[in-house]
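Any read-out appearing in this document is the output of simple, stated calculations on the displayed coordinates, not a laboratory observation. Computed from a prediction, not measured in an experiment: that's the story for all the values here. Here the Cβ is made from the backbone with ideal geometry for all residues, glycine too, and neighbour counts use every protein chain on show.
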Amino acid sequence: MKEEEGDLIVAFLNSLTGKVPEVAYPVLPAETAATPQNKPPEVATEARNQH
């Protein structure tokens, strides 16, 4: 490996250091009996194949 390539790798790795920004996740409403449920992928595939 050339010295320049090593320097570029070190510069890249140094760019990964620091404080990770805080992520604010949304608060979802509570689930109720009226909340639609997700269909498993195979059910969606079968429905698509019937049309």
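Details
- Among 23-35, 5-17, the peptide with the highest mean count of other Cβ atoms within 10 Å heads the list, and the full ranking is 5-17, 23-35.
- Label sites at Ala11 and Leu28, each approximated as a point 7 angstrom past Cα along Cα to Cβ, lie 4.3 nm apart.
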